[in-house]
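Below is one structure, written out as structure tokens; comments come after it.
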Amino acid sequence: MNANVLEKLKILAESAKYDVSCASSGTVRANKPGTLGNTVGGWGICHSFAEDGRCISLLKVMLTNYCIYDCAYCINRRSNDLPRATLSVSELVDLTIEFYRRNYIEGLFLSSGVVRNPDYTMERLVRVAKDLREVHRFNGYIHLKSIPGASRELVNEAGRYADRLSVNVEIPKEENLKLLAPEKDHKSVFAPMLYIQQGVLESSEERKKFRYAPRFAPAGQSTQMIVGATAESDKDILFLSSALYQRPTMKRVYYSGYVSVNTYDTRLPALKQPPLVRENRLYQADWLMRFYQFKVNEIVDDTYPDLDLEIDPKLSWALRHPEQFPVDINKADYEMILRVPGIGVKSAKLIIASRRYSKLGYYQLKKIGVVMKKAQYFITCSELPMRTVNEMTPQTVRSLLLPKSAKKKADENQLSFVFND
Ligand code: SF4
């Protein structure tokens, strides 16, 4: 491999690492005779997760890290003095094919800084995907970032070659986005999102009439929000996510804890570390909305605008609603069983299936995979000796279930409170 290209790759892969919106979920396309690659199986460079939880590998890279924009939260902003590089369309295409043939990757995640203007940049991204598909018959996974402000024509063309398209919201509130990224606004993000949605829906209608009508971004779209760079609450973030999930083609919203890369910029908070616990809680809340039938206003509201960092959002909801418990495992419906802390989707389904044959007790639930350490305070079943949340208090249950580190902190606070008093 050409040393110059390798050097560029090093720079551009490093520049791409802050974008987390690249899980390769949604497409299952096998290898066909006369084509190269597929969207399933293997190992590689950047690990992402498919919708079924399978780990897959992508070449995650930028076409260029030059950018005419100056977004405060971005390492690649034009005012930063850092090594810059640009791959030509053919260099990137050859690199992808070569990595694929060597079995390093199963697909490509391609983004770019904005050069000249959004359409000029988008056109080059589209050419990469087009050449891969049409010249090299590449059948592997392609995820393209749509450049904010790109035209409908180019987004439409991108959708013909990419499995997934994504446009990053980055900052949930427009006034904060404008403060940190003056060249962007919500319109430049939401317009391409709408083009993608229309493309996917039109294509699925076409395919109902004509079996071989071209597919459009069959894995739908995703987006990313940065957490902790601005003052938005978890409520602001999750309400926007919930609204985005109402859109039929939005598959995933990713949350990226703000990494303090531009410490000199006084518009940004001085974070010593990215808010990883908060990021994790947001993902848990996101799962509650997507798989546990929670509505966003049950997770966060005006009284609780931010997620509890010490306990997960499902446990937090349960402790705020002791009146909903205990749940009778042998009688309750699936939706209510799903709401019990310590019971996941798989266990809830197994409970419903198993209780048809016999009454379930402590040991059967344990065998099914229920985390009894948590669930015991919220359920009744045959032969369960424990006291439930209503016989104790939510505060007592909370302190019993706090992770060790949080417990130690709480004890220290309690001590200092006692001494100060
Ligand atoms: S447009 Fe993208 S690459 Fe350019 S500064 Fe903003 S976030 Fe960074």
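The numbers here are math on the coordinates, done by the rules we state, and not lab data. Quantities reported herein were computed from a predicted structural model and do not represent experimental measurements. Please note: Cβ atoms are built from the backbone with ideal geometry, for glycine as well, and neighbour counts cover all protein chains shown.
Remarks
- Every residue from the stretch 276-315 that is under 29 Å from LYS359 (Cα atoms) and crowded, with 18+ Cβ neighbours inside 10 Å: LEU288, TYR292, PHE294, LYS314, LEU315
- Residue in the stretch 217-224 that is part of a loop (DSSP other than H, G, I, E, B) and among the polar types (S, T, N, Q) present: no
- Residues (touching a residue at least 60 places away in the same chain (Cβ under 8 Å), buried (at least 21 other Cβ atoms within 10 Å of the Cβ) and under 11 Å from VAL93 (Cα atoms)) located in the stretch 121-159: LEU125, VAL128, PHE138
- Residues satisfying the stated conditions in the stretch 329-381, i.e. among the β-branched types (Val, Ile, Thr) and part of a loop (DSSP other than H, G, I, E, B): ILE329, VAL340, ILE343, VAL370, VAL371
- Complete set of residues in the stretch 316-328 that are assigned to a loop (DSSP other than H, G, I, E, B) and either surrounded by fewer than 20 Cβ atoms within 10 Å (Cβ to Cβ) or free of Cβ contacts under 8 Å to residues at least 24 places away in the same chain (or both): HIS321
- Restricting attention to the stretch 382-406, the residues that are farther than 14 Å from ASN330 by Cα and assigned to a loop (DSSP other than H, G, I, E, B) total 11.
- Selection of the stretch 162-178 for residues being outside any helix (DSSP H, G or I), out of contact with any helix residue (DSSP H, G or I) (no Cβ under 8 Å at 6 or more places or on another chain) and more than 16 Å from the ligand (Cβ to nearest atom) yields ASP163, ARG164.
- Some residue of the stretch 180-194 being of a type in the set (Val, Ile, Thr) and either free of Cβ contacts under 8 Å to residues at least 40 places away in the same chain or more than 16 Å from the ligand (Cβ to nearest atom) (or both): no
- Selected residue [touching a Pro at 6+ places or on another chain (Cβ under 6 Å) and farther than 30 Å from TYR195 by Cα] from VAL300, VAL259, VAL277: VAL259
- Evaluation of LYS208 against the conditions (1) more than 16 Å from the ligand (Cβ to nearest atom); (2) in contact with a helix residue (DSSP H, G or I) (Cβ under 7 Å, 6 or more places away or on another chain); (3) without any contact (Cβ under 8 Å) to a residue 24 or more places away in the chain shows that the sole unmet condition is (2).
- For ALA213, the requirement of being crowded, with 18+ Cβ neighbours inside 10 Å, away from the ligand (no atom under 16 Å from the Cβ) and part of a loop (DSSP other than H, G, I, E, B) is not met.
- Residue list for the stretch 240-264, restricted to those being in a loop (DSSP other than H, G, I, E, B), out of contact with any strand residue (DSSP E or B) (no Cβ under 7 Å at 6 or more places or on another chain) and not basic (Lys, Arg): GLN246, PRO248, VAL259, SER260, VAL261, ASN262, THR263, TYR264
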